[in-house]
Every structure is written in structure tokens, then in C-alpha cells.
Amino acid sequence: MAPAMGKEERSDRCVTGIEGLDNILGGGIPTSSVVLICGGTGTGKTALAVEFIARGAAGGEAGLLIGDVGDEERLLSGLPSFTFLAPETIKKGTFSVIGPDEIFKGVGQDPADAAAIAEMASSLDKVLSAAKVKRLAIDGVDDLVSERAARPFVSAIKDVLRKNKCTAFIISRGGPEGPLAAAADGVIALGDIERNGDFLRAMQVLKMRGTGHSRAKYVVDITPCGMLTTPLLKGGA
């Protein structure tokens, strides 16, 4: 069972509510961090981000998912039947979903100019402050910003997060290298491992500034109760 949000939560950490991840990080993600979630198709990136927001919503923290995922009904239909994510949570606005165009228009230029990034930051700040958003996930970041604009893009987002005391996941289908990974405060890599002819989902925290995290690989199961992690056994074929 995921830990409850409550008085024991460290004020300098965003306790994700994903028990295995919080244990790996020694108590959660430093508040206002930008965390890159990277991996190929079907590795669980969106599921991880949705659980991150939903666990916060269950504890009264407003969350926002930005991405080309359609409306709330379409998002829910593409996810496991998480027992902790009720449709009512989305309908009442604790967990909101919006498309990227109204915030990230013009940032995808190569390179994005300073004016476009400043406008993006202003738009994002208005959305986060109006809804008092404390958890943010940006899906499909590869389609929103070029590699050359990645550093100023992430830097601008960090400034907005610090102002709003909000923590963010940015989701990429790429690998754990490159300017996005370098600029982010944390990097969580998801992937597949073949064992005895089966493919297992795996997760590894490669970087998380401000924590003494484990760098071991963990097997991940996506269940109705959320993402469950198990240390990867080194033996076996």
C-alpha cells in the first residue's frame, strides 16, 4: 500500500505516493524538481506520471497533465483500472488534463527563441497558480522542444516550479542521455529486460539531485493498485 500523505511528509520532499519509488529515493523527490521520465513505447512512462498525479490528488494536491492524450475519458481508457483513480477525481478538477498548444505554442522551433520560452513560462505560471497545482506532468516533451532549446526550456520550467512549489515529470520517448537529461534535476529510465523469453518492465533512477538514491534496477509491474517494484535478481538467463 502506498504511504499516505500526511504530517510526517518532509516539507522539502514531494512524496510521490508510489511506495517503491519513494523507498528508492529515501523519502520522495525534492520539491520543485524537474524529473525526466524516459523510455521506449509501452515501458510505463505515462502510467508512472498518472499515478504520481493521482496519488497527490488523493491527498488533496492539485495535479495537471499536459499532453496530446485526448480528453479525460480517452486517457482513462488507455490506462489500467487503477483503484485509486476514480473518474470523479478528474471531474472535480483535482486531476486536470489539457492539451499542449495553449502553453507550448512556438517553443518547438529550432532553436526556440527567448521570447517564445518566456511566453511559455508566463502561460504555465498562470495555469499552475490559478489551480494551485503542486504536481505537473508534461507528456511527449520530444515533440514540444528541440534539443538545442532543451536547456533554456527546462531552466524556464524550473523557475516556474520554484515559484509555485510544484514538482514536475517531463516524459520523453528518448534515452537517458542528451540535453534534457543533463538539464533535469532527476532522470528515471524505464525499459524492458528479457528473462527466460519474457520481457519484464524495469525502472532505474539514474539521477536525483538532493537525494542519496539507489541506482539499482527494479522490475516494475503495473497493477490496479499502482506500479509495484521488485529488486532485479542478478541470476537467471
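The values are calculated or read from the model by the stated rules, or taken from the named source; none is laboratory data. The structure displayed is predicted, hence computed values, not measured ones. With ideal geometry, Cβ positions are generated from the backbone for all residues, glycine too; neighbour counts draw on all protein chains shown.
Would you call ALA181 more than 30 Å from THR83 (Cβ to Cβ), of a type in the set (A, V, I, L, M), surrounded by fewer than 23 Cβ atoms within 10 Å (Cβ to Cβ) and touching a residue at least 60 places away in the same chain (Cβ under 8 Å)?
Details: more than 30 Å from THR83 (Cβ to Cβ): yes; of a type in the set (A, V, I, L, M): yes; surrounded by fewer than 23 Cβ atoms within 10 Å (Cβ to Cβ): yes; touching a residue at least 60 places away in the same chain (Cβ under 8 Å): yes.
Against the criterion (more than 30 Å from THR83 (Cβ to Cβ), of a type in the set (A, V, I, L, M), surrounded by fewer than 23 Cβ atoms within 10 Å (Cβ to Cβ) and touching a residue at least 60 places away in the same chain (Cβ under 8 Å)), ALA181 qualifies.
Considering only region 184-202, state which residues are of a type in the set (Asp, Glu) and buried (at least 18 other Cβ atoms within 10 Å of the Cβ).
So the first thing to find is which residues in region 184-202 are of a type in the set (Asp, Glu), and the list is 185, 192, 194, 198.
Matches in region 184-202: ASP185 only.
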(request) Considering each residue of region 112-152, count those that are at pLDDT 95 or above, under 16 Å from VAL35 (Cα atoms) and of a type in the set (Lys, Arg), and give that number. (result) 2
(request) Would you check which residues across region 194-237 are in contact with a His (Cβ under 9 Å, 6 or more places away or on another chain) and in contact (Cβ under 8 Å) with a residue 40 or more places away in the chain and list them? (result) VAL205
(request) Check GLU88 against each of (1) modelled with pLDDT under 85; (2) more than 20 Å from the chain's Cα centre (by Cα); (3) part of a helix (DSSP H, G or I); (4) within 25 Å of LEU180 (Cβ to Cβ) and name the one condition it does not meet. (result) (4)
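Would you please name the residue that is nearest to HIS213 (Cα to Cα), looking only at residues in region 153-199 that are of a type in the set (Asp, Glu) and at pLDDT 95 or above?
To start, the set of residues in region 153-199 that are of a type in the set (Asp, Glu) comprises 159, 177, 185, 192, 194, 198.
Pick out the ones that are also at pLDDT 95 or above and you get 159, 185.
Numbers: ASP159: 24, ASP185: 13 Å.
The residue in question is ASP185.
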(request) Kindly indicate which of GLY56, GLY60, GLY78 is at pLDDT 85 or above and exposed (fewer than 13 other Cβ atoms within 10 Å of the Cβ). (result) GLY60
(message) If I ask for residues that are farther than 24 Å from PRO152 by Cα and part of a loop (DSSP other than H, G, I, E, B), which ones from region 183-210 would you list?
(response) ASN196, GLY197
(message) Can you tell me which residue is modelled with the highest pLDDT among those in region 1-42 that are surrounded by fewer than 20 Cβ atoms within 10 Å (Cβ to Cβ), within 17 Å of ALA184 (Cα to Cα) and not polar (S, T, N, Q)?
(response) PRO30
